[in-house]
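What follows is one structure encoded as structure tokens, with my remarks underneath.
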Amino acid sequence: MTLMEINAGDTAWVLVSAALVFLMTPGLAFFYGGMVRVKSVLNMMMMSAITIAVVTILWVVVGFSLTFTGDHGHVIGGFSAAGLKGLIAPEAVSGTIPTLAFVAFQLMFAIITPALISGAIADRATFRGWIAFVAGWTCLVYFPVAHSVWFLDDGKGGWIGDKLKAIDFAGGTAVHVNAGAAALALALVLGRRVGWRKDPMRPHSLPLVILGAGLLWFGWFGFNAGSALSAGTTAAVTFVNTQVATAAAVIGWLIVERIRHGKATTLGMASGAVAGLVAITPSCGAVTPVGAIILGVLAGAICAFAVSLKYKLGFDDSLDVVGVHLVGGLFGSLAIGFLGSAAAPSAVDGLFYGGGAGQLGRQALANLAVGVYSFVVAFGLGKLIDKTIGFRLTEDDEVTGVDQVEHAETAYDFLGASGLRGHNPLARATAIVQDAPAEEDTKEGANA
Amino acid sequence: MKLITAVVKPHKLEDVRAALETFGVTGMTVTEASGYGRQKGHTEVYRGAEYEVDLVPKVRLEVVVEDGDGADVVDVIVKAAQTGKIGDGKVWVTPVESIVRVRTGEVDGDAL
């Protein structure tokens, strides 16, 4: 195999895409943070932030190596690049980009996938339990699943992508179905929030939700078009399909809302956008722009119906990770079997374009396997954490609020904001400033 | 003296204030309030989950006037605040035993 030369355009695009995908996790923090109650917004954002910290370290130490080097049984890689050994050398090249650019890009996927799960357990998880889950699930589920789906090595790579030939361009299976199934498992392990279906649990800030959805949409261009790993036609096609399907999904979701409830809501608009982004992720390289419109409208409509599943089935998936990511990811992935077009970069005809049912079967098998595996491991790991270090807050702590109990903070100072700031007789807290210089020191400093 | 308390729709506050000023009322206290009467509240929908919000926003305004002006002031407020639709609010009158202006110590009629 001849070593390919590094292409500056490709490298620039992948590095920029990595930064775009990174932005999705803070975007998710806003998206989820706005949907919870005032007493939980900081914890919701911290659950995203801590995945950035934990997964980054895991990825460098073993994650990249286990996902993208070597192969054991077509399900997991090896340790040959543990610590990113050898990858900072100039000759470490993957395709037309430095291998480290690929390392950085894929790291961002590994970060956001567990962060997606956190929406299912809003308001009620211990922070230590969540950290333990993120570390365990990423190692036990994300690395092997990403290897199975994305490590291609001429038939000697992962079983889903390389042998089964299921298509998952940017992560419908490896990211969304994977996270959605784990979210369902954790919602069952932790149980329902205190007062679920009795107390109002309205989103505390829809503008934050819109901000988050906007950042997600923006970052998603890196997620999908960056997955081309080169700055060319494939990136352009996936970029356009991403935009088209997402716009269509907004319309799909809002039509369902208008018919069912008489109003098109802001939360529905944001949710429809995310549903469209999720659904087009696996298929953005496999459909035409017209296919993307059909796929998007249907994804928006289906997810709008799917979010009420939790009320019918009685599980508290707080922010609808199952309804949007599991259902949306599954739909988008299966849609390749119908709407796939040989004219698109993935070059596979689906049923509607004269292809057989083979691709549909491959997509179904891939998602079934990933979904079941992720659900089972997440359920077991969640139970183990709950029985050992504790995963569910006590009822008292949950009612008090997870921000205060777990982080000793609250998001908003309503008393201070009342116009009596600095002279509020109701705010009787004592300010204790640690490590502050003594008053005389300050004076001396001012005179110096 | 009479304390006249009115709970009205927020967008009618300016009309009521202007009408009272024309009538000669020189001061009032306004508070943001929320509540419900016969109209009840409204429904909000978040991802298909419907929430009944019982309390609707109102403003509550209070003025103290001489006994003889009470009925007229009520009339002025009602006329200014009326839209004819449900949720226009209520006005009620309560007796006031005494009143003191904090700055000068003047009492009752002089303090208004």
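Points worth noting:
- Residue-level accessible surface for A:M4, protein heavy atoms, 1.4 Å, Å²: 110 Å²
- Normalised convex hull volume, the range A:205-278, alpha-carbon set, Å³ per residue: 63 Å³
- When the residues A:R362, A:R258 are ordered by accessible surface, computed with a 1.4 Å probe over the protein chains alone, the sequence from largest down reads A:R258, A:R362.
- Of A:K39/A:K310; A:K198/B:K12; B:K2/B:K90; A:K85/A:K387; A:K198/B:K90, those spanning more than 27 Å from alpha-carbon to alpha-carbon: A:K198/B:K12; A:K85/A:K387; A:K198/B:K90
- Computed from backbone phi, the HN-Hα couplings of the range A:54-60 come to 5, 5, 4, 5, 4, 4, 5 Hz, rounded to whole numbers (Karplus: 6.51 cos²θ - 1.76 cosθ + 1.60, θ = phi - 60°; Gly and Pro given as x).
- Over chain B: helical MRE at 222 nm, DSSP H runs n ≥ 4 each giving -39500 (n - 2.57), nearest 500: -6500 deg cm²/dmol
- With DNA, RNA and ligands ignored, accessible area of B:T43 (1.4 Å probe; Å², nearest 10): 70 Å²
- Scattering curve values for the range A:42-149, log₁₀ I(q)/I(0), Debye with Cα scatterers, q = 0.16, 0.21 Å⁻¹: -0.70, -1.05
- 5 angstrom amide H check on B:G35, placed H, neighbours 5+ away: B:V56, B:K58
- A dipole drawn for the range B:2-111 from +1 and -1 charges on Cβ atoms has a positive end, and of B:Y36, B:Y51, B:T22 the residue lying farthest that way is B:Y51.
- Residue among A:G191, A:G291, A:G276 with the largest mean-square fluctuation in a Gaussian network model of chain A, springs linking Cα atoms under 10 Å: A:G191
- With Cα atoms, 0 to 90° folded angle of helix B:70-81 axis to chain B main axis: 30 degrees
- A:I97 long-range amide H proximity, modeled H, under 5 Å: A:N7
- Solvent-accessible surface ranking, highest first, for A:I121, A:I167, A:I6, A:I88 at 1.4 angstrom: A:I88, A:I6, A:I167, A:I121
- Axis angle, to the nearest 10 degrees, between helix A:289-306 and the longest C-alpha principal axis of chain A: 50 degrees.
- For the range A:24-39 versus the range A:250-291, the spacing of their alpha-carbon centroids is 20 Å.
- With DNA, RNA and ligands ignored, accessible area of A:Y353 (1.4 Å probe; Å², nearest 10): 90 Å²
- Between A:F79 and A:T266, the modelled labels are 5.2 nm apart [label points 7 Å from Cα along Cα→Cβ].
- Folded to 0 to 90 degrees: helix B:13-23 orientation relative to chain B principal axis, Cα: 20 degrees
- Look at the stretch B:38-50: the mean tally of other chain Cβ atoms within 10 Å of its residues' Cβ atoms is 6.
- Using θ = phi - 60° in the Karplus curve 6.51 cos²θ - 1.76 cosθ + 1.60, the 3J(HN,Hα) couplings for the range A:95-102 round to x, 10, 10, x, 4, 5, 5, 5 Hz; x is entered for Gly and Pro.
- Computed lengthening from A:F315 to A:Y412, 0.36 nm per intervening residue step minus Cα-Cα distance: 31.9 nm
- Percent of alpha-carbon pairs separated by more than 30 Å within chain A: 44 percent
- Largest-first principal axis extents of the Cα set of the range B:2-111 (Å): 59, 28, 21
- Remark: the range A:30-41, residue by residue, has Karplus-estimated 3J(HN,Hα) of 5, 4, 6, x, x, 7, 8, 7, 3, 6, 10, 5 Hz, where x stands for each Gly or Pro and the curve is 6.51 cos²θ - 1.76 cosθ + 1.60 at θ = phi - 60°.
- Averaging the Cα positions of each part gives two centres, and for the range B:36-112 and the range A:71-141 these lie 61 Å apart.
- For chain A, calculated [θ]222 nm from helices alone, where every DSSP H run of n ≥ 4 adds -39500 (n - 2.57): -19000 deg cm²/dmol
- Placing +1 on each Lys and Arg Cβ and -1 on each Asp and Glu Cβ, with no other charges, gives the range B:2-111 a dipole about its Cα centre of roughly 500 debye.
- Sequence of B:R47, B:R103, A:R37 from largest to smallest accessible area, 1.4 Å probe: B:R103, A:R37, B:R47
- Residues of the range B:11-33 falling in the label zone of B:T83, defined by backbone nitrogen less than 13 Å from a point 7 Å along Cα to beta-carbon, are B:11-15.
The values are calculated or read from the model by the stated rules, or taken from the named source; none is laboratory data. Quantities reported herein were computed from a predicted structural model and do not represent experimental measurements. In this analysis, Cβ positions are derived from the backbone assuming ideal geometry, glycine residues included, and neighbour counts consider all displayed protein chains. Please note that ligands, DNA and RNA were not included when accessible areas were found on the heavy atoms of the full protein model with its side chains. Shrake-Rupley method; radii C 1.70, N 1.55, O 1.52, S 1.80 Å.
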